[in-house]
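Structure first, commentary second.
The values are calculated or read from the model by the stated rules, or taken from the named source; none is laboratory data. Computed from a prediction, not measured in an experiment: that's the story for all the values here. Don't worry about glycine lacking a Cβ; one is built from the backbone with ideal geometry, like all the others, and counts go over all protein chains shown.
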Amino acid sequence: MKNASHDRLLIIDFGSQVTQLIARRLRELNVYCEIHPYQNVDDAFLASFAPKAVILSGGPASVIDDGSPRPPVGLFEFGVPVLGICYGQQVMMHILGGKVESGHGTAEFGRAYVTPSERSLPLLEGWFATDNDKEQVWMSHGDHVSAIAPGFEVFGTSPNAPFAITADVSRNFYAVQFHPEVHHTPNGAKLYENFIRLAGFTGDWTMGAYREEAIRKIRETVGDAKVICGLSGGVDSSVAAVLIHEAIGDQLTCVFVDHGLLRQGEAEEVVRMFRDEYHMPLIHAEEQELFLGELDGQSDPETKRKIIGRLFIDVFQKHAAAVGGAKFLAQGTLYPDVIESVSFSGGPSVTIKSHHNVGGLPEKMGLSLVEPLRELFKDEVRALGRELGLPTSFIARHPFPGPGLAIRCPGEITRPKLEILRKADAVYIDQIRKHGLYDDIWQAFVAILPVRTVGVMGDGRTYDFACALRAVTSVDGMTADYYPFSHEFLGETATRIINEVEGINRVTYDITSKPPGTIEWE
Ligand code: XMP
């Protein structure tokens, strides 16, 4: 920790639903921060983390209740700027000599407007500039501060929060009742920008700095041991592999499992890029026969998924064992996975999700984990990928599921059907790219349907497969809406698929959102 080459901000989490957003806002400002649950933060932790500033998050508790969450005892003597948000504000006031009360009809949930006091405050630079001298903010509090602590002054009020913004300027303590991190506080980012400027941050959290530090840490952790990495061709595992390779070179071996369910040209692209361009030791595990053999005759979606999951682990383990003496397994775990596993009430167990990529393998094979992306959000991983020189076309690729084309081939999977599906999918994606729509779409693919239909081509009758085109917009894959292609686009694409792909004579467009549908067909 002490070797960190950049300034660090500590967010003490009291359990708010939106704590992660504080970290997002700060990272956008090139400030390195970490979220830690309050239970894990004592004075010793504070000293070793050595933050340049601290933010106290919101939370569901009432500061008046016995045993309610507290920051470490020495925080307010630690000598760094502190910003308290919602519960964080209340706990600050409570500890520093103010008063917090419940009830009296002063709870506020949702939109509110804050107006400034006569005095100006550097924290509020750029606030109250427009819109009749008021700012929209998002409130979500039951308790409220009824008396501020000695040394604090009021700088903003709302109808139900007379102490909406307060500060003890001499000690650099700031407290707000609302949530500046959420979308519904439109000028909230400005408040964070001002806070980190007041705290002396220089915005040194850049991908260049991250890359160097990550490489140093990987070298320290791994020493001269061997590392294996399951490469799927997706963004996370690819970025992790390139970064680790840069750190330890040929001590890393990647295992790319080709289950015969990849898209057209996909295996070749991954192998060419990692083996030929990055010169990484890469095992291309060609296990098409094994996977397609065991899937033969299976049509139940869950059975297919289970077969693929089981074989994937077997195959990975077999090839990884062949590397000989590997001590570490590399994974592309991201920060949201880490935050989810260090729950507010769950304490310090950061390893809960350690096998979310290759279930159970680290224990089975006696491996330790290397997870160089565990401090990053998805868009930061993409930025790191760019920093490492991965091609943009690769970094911006649509997600592709682990079971691959198997779940886009409802019913029995046969090689001829997979071949038809690959060709149709390639034409569809080509169309999307040609029309400049690829980056507007979260995910697009073709599913080949287990039904054949009658058609007429030239003077002859055809009896071929029908397919469905799928394209959705989404933020996180949890919910999705179908993409509103023009009729011209759909017509042109259907014509191209039928003309260019032997075996398909009918094309449909799937206009189901999620829910009630899912993105994939199985
Ligand atoms: P669904 O179909 O559940 O998919 O709406 C949501 C997102 O998850 C992807 N997906 C998977 N990814 N292994 C993966 O790595 C899987 O088994 C899997 N199943 C679905 C899907 O492509 C979409 O992006």
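List every residue pair whose Cβ atoms lie under 6 Å apart, where the two residues are 6 or more positions apart in sequence or sit on different chains, the first residue falls within region 389-415 and is aliphatic (A, V, I, L, M), and the second residue, located anywhere, is more than 9 Å from the ligand (Cβ to nearest atom) and assigned to a loop (DSSP other than H, G, I, E, B).
So the pair list comes out as L405/L261; A406/L261; A406/I413.
W442 is checked against (1) within 14 Å of the ligand (Cβ to nearest atom); (2) over 20 Å from S474 (Cβ atoms) and fails just one. What number does that condition carry?
Just one mismatch for W442, condition (2).
Can you find a residue in region 281-291 that is at negative phi, modelled with pLDDT of 95 or more and within 16 Å of the ligand (Cβ to nearest atom)?
Yes, region 281-291 contains at least one residue that is at negative phi, modelled with pLDDT of 95 or more and within 16 Å of the ligand (Cβ to nearest atom).
Here are A480, A468: which of them is of a type in the set (A, V, I, L, M, F, W, C), within 25 Å of K378 (Cβ to Cβ), outside the structural domain of S299 (by TED's automatic domain parsing) and within 16 Å of the ligand (Cβ to nearest atom)?
Details: A468 fails: within 25 Å of K378 (Cβ to Cβ).
Only one candidate passes the filter, namely A480.
Return the residues of region 91-120 that are over 35 Å from the mean Cα position of the chain (by Cα) and over 27 Å from R70 (Cα atoms); say none if nothing qualifies.
Result: T115, P116, S117, E118, R119, S120.
One residue is enough: does region 153-161 have a residue meeting the conditions on the phi > 0 side of the Ramachandran plot, surrounded by fewer than 19 Cβ atoms within 10 Å (Cβ to Cβ) and in a strand (DSSP E or B)?
no
Please pick out the residue among V222, V270, V239, V227 that is at pLDDT 95 or above, in contact with a strand residue (DSSP E or B) (Cβ under 7 Å, 6 or more places away or on another chain) and crowded, with 21+ Cβ neighbours inside 10 Å.
On the way: V222 fails: crowded, with 21+ Cβ neighbours inside 10 Å; V270 fails: at pLDDT 95 or above; V239 fails: in contact with a strand residue (DSSP E or B) (Cβ under 7 Å, 6 or more places away or on another chain).
Exactly one of V222, V270, V239, V227 is at pLDDT 95 or above, in contact with a strand residue (DSSP E or B) (Cβ under 7 Å, 6 or more places away or on another chain) and crowded, with 21+ Cβ neighbours inside 10 Å, namely V227.
Can you tell me how many residues in region 5-62 are at pLDDT 95 or above, in a loop (DSSP other than H, G, I, E, B) and hydroxyl-bearing (S, T, Y)?
Looking only at that region, the number is 1.
Quick one: is R461 away from the ligand (no atom under 16 Å from the Cβ) and modelled with pLDDT of 95 or more?
When the stated conditions are applied, R461 passes them.
For G249, state whether it is free of Cβ contacts under 8 Å to residues at least 60 places away in the same chain and small (G, A, S).
Yes: the conditions hold for G249.
For every residue, the table says whether it meets (1) more than 20 Å from K190 (Cα to Cα); (2) at pLDDT below 90; (3) aromatic (F, W, Y).
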position: S102; (1), (2), (3): yes, yes, no
position: T106; (1), (2), (3): yes, yes, no
position: S117; (1), (2), (3): no, no, no
position: G151; (1), (2), (3): yes, no, no
position: V154; (1), (2), (3): no, no, no
position: S158; (1), (2), (3): no, no, no
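Among the residues of region 498-513, are any within 12 Å of the ligand (Cβ to nearest atom), assigned to a loop (DSSP other than H, G, I, E, B) and polar (S, T, N, Q)?
yes
Out of the residues in region 476-511 that are buried (at least 16 other Cβ atoms within 10 Å of the Cβ) and under 25 Å from the mean Cα position of the chain (by Cα), state the one that is modelled with the lowest pLDDT.
Selected residue: A480.
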